[in-house]
Amino acid sequence: MRDPGLTAAPTVDHATVRVTFEYVAWATVWLLVGTTIGLIASIKLHWPEFLPFAPLSFGRIRPAHTNLVLLGWGSLALVGLALYVVSRTSRVPLWSPRLARIALWLWNLTLLFGLVTLMAGVNRGPQEYREWVWPLAVMLSAAVLIDGYVAYRTVAARTLTEVYVSNWYILGGFCYLPILYVTSYLPFYQGGLGNTVVQGYYMHNAMGMWFTQLSLGVSYYAIPRLLGRPIYSYALGVLGFWTNLLFYPLIGAHHFIFSPVPWWLQSTAILFSVGMMVPVWAGTGNLLLTFKGASGALHRSYALPFIVTGLIGYALSSTQGTIEAFRTANIYLHFTNFTVGHSHLAMYGFITFIAWGAVYGLVPRLTGREPSPLAVGVHFWLALVGVLTYVIAISTAGILQGLAWVAGQSFIVSVIAAEPMWLWRTIGGLLMIGSHVVFAVNVWAMRPYPVTVPVSSPDPVRMPA
Amino acid sequence: MSFGGLHTNHRAIIAVAVIVFFVLTLVMAILPALREQAFSGPPTTTPRDEVTARGRQVYMREGCGFCHTQFVRDLPVDRPFGRASRPGDYVLEDPPMLGTQRTGPDLADVGTRQPSEAWHLIHLYDPRAVVPQSVMPAYRWYFVEKLQAGPDDVVAPVPAGSAPPGKVIVAGPDARALVRYLLSLKQAKVSP
């Protein structure tokens, strides 16, 4: 089968280049802000009197951290990359980069207002990832819809008959997120435990129906492009798309196991959490098998190690999530820091590493400028060692908390048990932030030239003619 | 290879995906939520007075729910926190704050477990004055330091060393409301 990932035109129009880069650059800004806030929150757990000011109090910066890294860093980086992928795989320039730029500013404005209001204590209560007030939700939905429309019009104008599998995932993500977001904010069915049912649905699907969609969409383009060979199986990619759509929305209630929300909803959630192994392993297997016989490329490319790490992170975090959904595991692990380890393995070990790999793999091709390979290496190892330290420490903290509770000890015993691990979590976090600073320097090194010049692809792996 | 012609038709891909996701949203979120909202059993909590409602606002503003659940599972491990939570416990809650993390203990029944107003005031002003190993933030911005308490002032009886020398710690209106809210968190008795 002809693979648009391989046959994309060698030159890119300057407007698409600039807007993609602007998304990546702003994502990097939010990454730095969001993770610095996360580090402050982490320090407060072993040094509670650190920065004792109301706007920086733990309960206020916790949602600021999650929203900025999810909607600022992860979303903006993947949207920027997705818009580029949509344009490349359709072999047409991006439809209206101007509109995409307007959407970017709407994102930025929403994130800024979100940061300020959350730190001021203006929120909707501890409803994870939908804490900020509804006008900001309207702005964010508008930004996503504009981006989605730009992507849609670009795919509609494609010069190929087929819709490449990347675009299934990307267009899917742009369709699901507005439905998800609006459903989570509309109040008509959220009285009493109705709110909790929606919370489980929302917080879970935000991952699988948005971040996973865009990450896989970008990966299905970046991997064949970087390896210079077609994807292992187009059919497996499509199978992953449909099974993800069928299973993922069914499993949100596994965040409220043993709660008074209906038992059938919890059981369905546990059952299909197991079902999720189909799309997860179909997707990971498919993308990893594309590397078969091309391991040399892995050594020569500085982008591919990030992507391979991200794929391993996808398989590990998803399998871990399935195990956590079981009722037995819930008794020992629910409410503990183990959940925090899981979410970081997913958002960082999977989504963030895929985004970094795609940035390093694709952006130099559009701007014609490369970062120093040494700096990319430093970024990779700081981030990898950092996140491993983080996840191992915080998961251990979770297990220790769970054991203390099951042993029936006084609650404070679980705090004392976890505290040394919280210090290790901060150490991991420091390494991660160090890697983000290096990444920011590298992004700056990849900035586009100010004027239009014909771009030659500086391929880490030479493309077959 | 063909997938029912879908792979050449972007409109069809989007239409099928949107319809499937919307139907699943309806079945897994909106309809079950409507059913829960229509819960017709008696509420097991009482409506709040103005001060308690203000206290709940402070609880939300400070994000207390990110570390404290209000959700007791029907498991031996949750027994110290009270009886298992029931739908009736949340009927009057907007939003209900079941929570997902227990960095601190569950608070569904804290008013029964710790009924002392003085304890809560000290704990909010300086958590480590009452629980030395606590990692909870101190909410000093809801208190005022005074040389002498006025006739209507509610004093937080903090131990020596917690407050600056020669000063008394007076609870502001938000601190008083928050404590009133915490004391109101009592699980109603229900027949099993």
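Note on chain B: GNM, Cα springs under 10 Å; of B:Pro115, B:Pro105, B:Pro32, the largest mean-square fluctuation is that of B:Pro32.
I'd like the mean, over residues of A:177-184, of how many other protein chain beta carbons sit within 10 Å of each residue's own Cβ. Provide the component values of the computation, followed by the final result.
Details: counts 0, 1, 4, 3, 0, 1, 6, 1.
Shielding by partners across A:177-184 averages 2.
Taking every C-alpha pair closer than 8 Å and separated by at least 6 residues, the mean separation divided by the residue count of chain A gives a relative contact order of 18 percent. How big is the gap, in Å, between the Cα center of the range A:260-330 and the Cα center of the range B:39-58? Cα centres, the range A:260-330 to the range B:39-58: 42 Å. Rg and Dmax of chain A, both derived from C-alpha coordinates alone, stand at 21.4, 69 Å. Between the range A:354-385 and the range A:140-204, the alpha-carbon centres lie 29 Å apart. 3J(HN,Hα) couplings calculated from phi for the range A:15-27 with the Karplus curve 6.51 cos²θ - 1.76 cosθ + 1.60 (θ = phi - 60°) are, in sequence order, 5, 5, 4, 4, 5, 4, 5, 4, 4, 5, 5, 5, 4 Hz; Gly and Pro show x. Could you tell me the calculated FRET efficiency between A:Ala157 and A:Ile323, based on Cβ-Cβ distance and R0 = 41 angstrom, to the nearest 0.05? Computed FRET efficiency for A:Ala157 and A:Ile323: 0.40. Classify the range A:1-136 as rounded, prolate or oblate, taking a ≥ b ≥ c as the square roots of the eigenvalues of its Cα gyration tensor: rounded when a/c is under 1.5, otherwise prolate if a/b is larger than b/c and oblate if not. Because a/c hits 1.5 or more and a/b exceeds b/c, the range A:1-136 counts as prolate.
Excluding A:Trp95 itself, what net charge comes from residues whose Cβ is under 14 Å from its Cβ, given Lys and Arg +1 and Asp and Glu -1? Provide the component values of the computation, followed by the final result.
Working: positive: A:Arg88, A:Arg91, A:Arg98, A:Arg101, A:Arg153, A:Arg158; negative: A:Asp13, A:Asp147.
Charge balance in the 14 Å sphere: +4.
Debye-formula intensities of the range A:173-287, expressed as log10 I(q)/I(0) at q = 0.18 Å⁻¹, are -0.91 (one equal scatterer per alpha-carbon, no solvent).
Counting each DSSP H run of 4 or more residues in chain B as -39500 (n - 2.57), what helix-only mean residue ellipticity at 222 nm follows after dividing by all residues, to the nearest 500 deg cm²/dmol?
Working: 7 runs with 64 residues, N = 192.
After summing the helix terms and dividing by the residues of chain B, the value is -9500 deg cm²/dmol.
At q = 0.10, 0.18, 0.20, 0.24 Å⁻¹, what base-10 log of I(q)/I(0) does the Debye formula yield for the range B:94-187 when every alpha carbon is treated as an equal point scatterer in vacuo? One equal scatterer on each Cα of the range B:94-187 leads to -0.28, -0.86, -1.02, -1.34. Here's the list of lysines a cross-link from B:Lys146 could span, going by alpha-carbon distance under 18 Å and ignoring same-chain residues fewer than 8 apart: B:Lys167. Between B:Phe143 and B:Gly172, the built amide H atoms are under 5 Å apart, and every one of these is 5 or more places off in sequence or on another chain. Cα extents for the range B:40-92 along the principal axes, largest to smallest and rounded to whole angstrom: 34, 30, 15.
For peptide A:58-65, the mean count of partner chain Cβ atoms within 10 Å of a residue's Cβ comes to 5. Among B:Asp78, B:Asp49, a tally of other beta-carbon atoms within 10 Å of each Cβ gives an order, fewest to most, of B:Asp49, B:Asp78.
Whole-Hz Karplus values for the range A:160-169 come out as 9, 6, 6, 9, 4, 4, 3, 6, 4, 5 Hz, taken residue by residue from phi with 6.51 cos²θ - 1.76 cosθ + 1.60 and θ = phi - 60°; glycine and proline positions read x.
With an a/c value of 1.5 or above and a/b not larger than b/c for the gyration tensor axes a ≥ b ≥ c computed over the alpha-carbon atoms, the range B:19-66 is described as oblate.
For the range A:412-420, 3J(HN,Hα) computed residue by residue from phi via the Karplus equation (6.51, -1.76, 1.60; θ = phi - 60°) reads 4, 4, 5, 5, 5, 5, 7, 4, x Hz, glycine and proline entered as x.
For n ≥ 4 DSSP H runs only, could you compute -39500 (n - 2.57) per run for chain A, divide by its residues and tell me the 222 nm figure to the nearest 500?
Details: 19 runs with 323 residues, N = 465.
So the calculated ellipticity at 222 nm is -23500 deg cm²/dmol.
Across peptide A:116-128, the average count of Cβ atoms from other chains found within 10 Å of a residue's Cβ is 4. Entry note, the range B:148-191: relative contact order of 34 percent, from Cα contacts under 8 Å with a spacing of 6+ residues.
Here, each number is a calculation from the coordinates, and none is a lab measurement. Keep in mind that this is a model prediction, so the values were computed, not measured. Here the Cβ is made from the backbone with ideal geometry for all residues, glycine too, and neighbour counts use every protein chain on show.
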